[in-house]
Amino acid sequence: MPLPIVLIGAGGHAKVVADIIRKTRAYEIIGCTDPCKDNALISWGIKYLGTDEILPDLLQTGVNRAAMGIAGFNNTIRRRLYEKIRELGFNFPVLCHPAANIAPGVRLSEASIIMAAAVINPDVTIGENVIINTGAIIEHDCIIGHSAQIGPGAILCGGVIIEEGAFIGAGACIIQGKRIGRGAIIGSGAIVIQDVPAGVTVVGNPARIKP
């Protein structure tokens, strides 16, 4: 029998997460929280429960599982929200689309979300609250830190390290063995051939720090 789960956030990213939940059939979405009552999940028949302020009361009813339906560039905000709700007592299961290809030896942490057509090869480590978007390729022995995001179609070659909160844009490619610093942003389509310091934005081919 599917277990009840609440979806945090109700924008476009939440629709993708809701689709994964429905396809896995392990959980039943009882509703969503969001600042906006008129949100993107209305047409999906997902009940609006209110803002996040209702979560303590919801926990008292026995619903103790949640899924993050929030993305955006600011991974720090997303991490704070995740940790706040986790501290209330909610658990965040790993969510993997059935069409994702996950090799043996991959380590997935709480609240990580793996989308359709993503390929994750052997001995990859994925931290908490990580998003691996549609069609991303994560090669062997990569390490992806807490609350990082890997954009659609991005490629991480073998042994890449993505530190906490980094954002890898759609279609970006990072060659083997490079390290992306904490909170760095890699622009869409960038080709990264050197380590990237923490907190900077890089764009282009080869990727360079944006002034």
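The values are calculated or read from the model by the stated rules, or taken from the named source; none is laboratory data. Just so it is clear, the structure is predicted and the values come from calculations on it, not from any experiment. Please note: Cβ atoms are built from the backbone with ideal geometry, for glycine as well, and neighbour counts cover all protein chains shown.
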Task: Criterion (part of a loop (DSSP other than H, G, I, E, B), among the aliphatic types (A, V, I, L, M) and touching a residue at least 40 places away in the same chain (Cβ under 8 Å)) met by exactly one of Ala71, Ala40, Ala66 - done: Ala71
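Quick one: which residue in Ile21, Ile126 is within 17 Å of the chain's Cα centre (by Cα) and closer than 30 Å to Gly181 by Cβ?
Exactly one of Ile21, Ile126 is within 17 Å of the chain's Cα centre (by Cα) and closer than 30 Å to Gly181 by Cβ, namely Ile126.
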TODO: Residue by residue through the stretch 36-52, note down the ones that are surrounded by fewer than 15 Cβ atoms within 10 Å (Cβ to Cβ) and either within 13 Å of Leu95 (Cα to Cα) or modelled with pLDDT under 95 (or both).
DONE: Cys36, Lys37, Asp38, Ile42, Ser43, Gly45
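So, Ala10, is that one touching a Gly at 6+ places or on another chain (Cβ under 6 Å), hydrophobic (A, V, I, L, M, F, W, C) and part of a loop (DSSP other than H, G, I, E, B) or not?
Details: touching a Gly at 6+ places or on another chain (Cβ under 6 Å): no; hydrophobic (A, V, I, L, M, F, W, C): yes; part of a loop (DSSP other than H, G, I, E, B): yes.
Here the answer is no, as Ala10 does not meet what is asked.
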Task: Number of the condition not met by Gly31 [criteria: (1) at pLDDT 95 or above; (2) part of a loop (DSSP other than H, G, I, E, B)] - done: (2)
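Do you know which residues across the stretch 143-202 are assigned to a loop (DSSP other than H, G, I, E, B), among the β-branched types (Val, Ile, Thr) and in contact (Cβ under 8 Å) with a residue 24 or more places away in the chain?
Step one: list which residues in the stretch 143-202 are assigned to a loop (DSSP other than H, G, I, E, B), which gives 145-148, 151-154, 157-160, 163-166, 169-172, 175-178, 181-184, 187-190, 193-195, 197-200.
Pick out the ones that are also among the β-branched types (Val, Ile, Thr) and you get 160, 175, 193, 200.
Of everything in the stretch 143-202, nothing turns out to be assigned to a loop (DSSP other than H, G, I, E, B), among the β-branched types (Val, Ile, Thr) and in contact (Cβ under 8 Å) with a residue 24 or more places away in the chain.
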